[in-house]
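Contents: one structure, followed by commentary.
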Amino acid sequence: MAARYYVIDFDSTFTKVEALDVLGEITLKDKPNKKEILNKIGDLTNQAMAGGLSFRESLEQRLQLLEARREHLPVLIDKLRSRVSTSFIRNKYFFEENHENIFIISNGFKEFIVPIVKDYGIKEGNVFANTFEYDQEGRIIGFDASNRLSKNNGKVEQLKSLNLQGDVYVIGDGYTDYEIKAAGLANKFYAFTENVSRDNVMEKADHITPSLDEFLYLHNLNKVISYPKNRISVLLLENVHPDAEEILRNEGYQVEVHSGAMDEEELSERIKDISILGIRSKTQLTKKVLDNAQRLIAVGAFCIGTNQIDLDECLKKGIAVFNAPFSNTRSVVELAIGEIIMLMRDLPDKIAQMHQGVWNKSAGNSYEVRGKKLGIVGYGNIGAQLSVVAESLGFTVYYYDVVERLGLGNAIKCSSLDELLEQVDVVSLHVDGRPENKNLIGAREFELMKDGVVFLNLSRGHVVNIEALEQNLASGKIRGAGIDVFPQEPKTNQEPFESKLRNHSNVILTPHIGGSTLEAQENIGNFVPGKIIEYINTGSTTNSVNFPNLQLPMLENAHRLIHIHYNAPGVLAHINNILASHNTNIVGQYLKTNETVGYVITDIDKQYDKAVIQDLKAIQGTIRFRILY
């Protein structure tokens, strides 16, 4: 087999930055025109990297602008150590294992390149770069003009002089890296785009490489992760918070964002190549959609509820679903409190009258909340927190839930929904979207309520019969209502909102924004991606709403095998028998089941017979199998 050599660029490839740009940040920090000079340096760098300016000319001009000295270099080296490319750090073992055959060929300078790459086991003798020239005071005044790499086409000439016998692969971000392949000195050129993308360089590349993981995957080389993160495609719908997009992109995933929801037909087509789907409440993830989701690994519900997702079908297909059960709790509670106070004070009518020029200063139909009875239907995360806040305002709190829950503070538990409805002054719904809750509140339930009750639904649109609500508003039975959710809601902000509740002066209508505060959406945007990334990286399923929940330790010096199967007797024994038949040593094993599936995590020694993987996949009832390195 022919020897393999790896030629790697330094600036914007081995590191995330151009070193001379960072040097400029150091040397020019006290200059009043620092920003202007740094922009000039950046422009000169980009022109050279894209092939629009000769390298030597660019280098000469940049050094003149830098005003650098020898004592600036240790500071630069410290900064560069913290800015090594993420995928290079992750795959440090690759450099250590192949250090004899890795060459750093750069138009940068040895003074700062060698200390950085030596940390990764790369030999100093395999680093080819320019060197600075100094005056007697230590000012950097130029570079060694005799060095091949200070000249145009320098990388080509340097590689020719090495006369490498074998297969040569070049990884870099600039046009000068492509020139090595163009000169016939390399088998392939890989445009490295983790840090910067140059269109004219990518056009010339044999393969675009968003991370080192991709290169190692293509060449079947040792790597930390089993599958390149850049091959994991993410689709985020419904204006998910930008933090989520940033977190997922920083993890290395390919992320596409769509502002609105998609209907079943559109999503069925779009989801075919998607690995991770992020949605909010309007997107319906049906069996038809999931039947087309051949690559889907996980779903993130960037909200509390998951009734818009066919959880059973996801489970059968081995797709883990995560939501944010706590992230917007406070936001919903504050909206509920605000609307209750507004309705108790008859503010919607008074506000409308003021806008019409009517001055109606009166205490009529206006009440304090202190001493009133608040009935909370659904005592989960939101209902329980509303209970605490409302009690602090002076409410006597009553609650009802089909699940046995301990009341907080002085909250009084009701044995039935009827018992609650008959005695409270304010009813606030905080139930989930399960089918059994459809029309939970209808004509009969409104009849049980006190005359002049205040009614809130900030939970799910289908839990209230809208016709019955409208009739009780019109009759005055309900003095005021706050409604944030509806049986049918527009998919985008461009679609009109239609409802029989419009034009009732005693109704506060809001467009499903109970959890839509900047704080809540930021919390959700950070929480859900974290759970998905943890699941993909470690197999942990904590907070999954459909998978058996397992909290797993980080994997070290082993392979992790993830086996999802239909829950049937004997599967774990079958897995272990296969491992034993291949003399595979188990270093850790975890099992959790629910009524539908079993979730087995097995950590095994680094060395194993590859045939064991095929045998594990062939176990009857297997839904999905993954390997984590």
### Query
Among (1) closer than 19 Å to residue 19 by Cα; (2) out of contact with any Gly (no Cβ under 7 Å at 6 or more places or on another chain), which single condition is residue 175 missing?
(2)
### Among the residues listed as 296, 347, 343, the single one being within 37 Å of the chain's Cα centre (by Cα) and not acidic (Asp, Glu)
296
### Query
Is one or more of the residues making up region 592-605 outside the structural domain of residue 310 (by TED's automatic domain parsing) and free of Cβ contacts under 8 Å to residues at least 24 places away in the same chain?
no
## Note on the structure
Only one of (1) at pLDDT 95 or above; (2) within 39 Å of the chain's Cα centre (by Cα) does not apply to residue 161, and that is (2)
### Summary
For region 506-516, the count of residues that are in a loop (DSSP other than H, G, I, E, B), touching a strand residue (DSSP E or B) at 6+ places or on another chain (Cβ under 9 Å) and not β-branched (Val, Ile, Thr) equals 1
#### Entry: Inter-residue pairs, beta-carbon under 6 Å, first under 18 Å from residue 345 (Cβ atoms) and outside any strand (DSSP E or B) and in region 442-456, second aromatic (Phe, Trp, Tyr) and at pLDDT 95 or above, 6+ apart
none
### Message
Residues that are charged (D, E, K, R) and at pLDDT below 95: does region 379-400 have at least one?
### Response
no
### Message
Please verify whether residue 94 is buried (at least 21 other Cβ atoms within 10 Å of the Cβ) and under 38 Å from the mean Cα position of the chain (by Cα), treating the condition exactly as stated.
### Response
yes
### Task
Kindly check whether there is at least one residue in region 511-527 that is aromatic (Phe, Trp, Tyr) and surrounded by fewer than 15 Cβ atoms within 10 Å (Cβ to Cβ).
no
### Message
I need the helices (runs of 4 or more DSSP H) fully contained in region 1-87, keeping only those with at least 2 residues that are polar (S, T, N, Q) and either in the same structural domain as residue 149 (by TED's automatic domain parsing) or crowded, with 17+ Cβ neighbours inside 10 Å (or both).
### Response
34-49, 55-66
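The values are calculated or read from the model by the stated rules, or taken from the named source; none is laboratory data. Because the structure is a prediction, the values reported are computed rather than measured. Note that each Cβ is placed from the backbone with ideal geometry, even for glycine, and that neighbours are counted across all protein chains shown.
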